[in-house]
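After the structure tokens below, expect a handful of questions from me.
Every read-out reported here was derived from the displayed coordinates using simple, explicitly stated rules and does not represent laboratory data. Quantities reported herein were computed from a predicted structural model and do not represent experimental measurements. FYI the Cβ positions are ideal-geometry reconstructions off the backbone, even for glycines, and counts take in every protein chain you see.
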Amino acid sequence: MKPIYARKETNKGTRKVMLDMAFLVTHKQIRLPKYYMEEGLYLPYYANGDKSKVEKFFLSKENAKKEDDHFYYFDFRFKPAQVEDITT
């Protein structure tokens, strides 16, 4: 599986956060450390596999499936091919 990055738009450009790929592949969930959580962090994906239409899945506390002392967990409801490549 290719590396997947969450993104955050800032006034200086785009900041990228690589997701925990070992956990994602094993559990089909995004595990985000709490110290990475911030307003506006999102995962870009192609809606219905259409590469001309990119949508954003925001990684927010409200969208988290569960949390523990150190991590937020989100369902990874996409196919890897649906996630926008970092080079685009």
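Limited to region 8-29, what total is found for residues that are surrounded by 12 or more Cβ atoms within 10 Å (Cβ to Cβ) and either β-branched (Val, Ile, Thr) or touching a Gly at 6+ places or on another chain (Cβ under 9 Å) (or both)?
3
Continuing with this model, one more query. If the Cβ limit is 6 Å and pairs must be 6+ apart or interchain, which residue in region 3-29 that is touching a residue at least 12 places away in the same chain (Cβ under 8 Å) pairs with which residue that is assigned to a loop (DSSP other than H, G, I, E, B) and not hydrophobic (A, V, I, L, M, F, W, C)?
Correct list of pairs: 8/40; 18/3.
Here is a further query. Which of the residues that make up region 41-88 are among the aliphatic types (A, V, I, L, M) and over 21 Å from residue 2 (Cβ atoms)?
The first filter runs over region 41-88 and keeps only residues among the aliphatic types (A, V, I, L, M), leaving 41, 43, 47, 54, 59, 64, 81, 83, 86.
The one that is among the aliphatic types (A, V, I, L, M) and over 21 Å from residue 2 (Cβ atoms): 64.
Would you please name the residue that is surrounded by the most Cβ atoms within 10 Å (Cβ to Cβ), looking only at residues in region 30-47 that are under 12 Å from the mean Cα position of the chain (by Cα) and closer than 12 Å to residue 78 by Cβ?
Here the answer is 30.
Considering region 48-88 alone, what residues qualify as being touching a helix residue (DSSP H, G or I) at 6+ places or on another chain (Cβ under 7 Å), over 16 Å from residue 31 (Cα atoms) and surrounded by 14 or more Cβ atoms within 10 Å (Cβ to Cβ)?
55, 82
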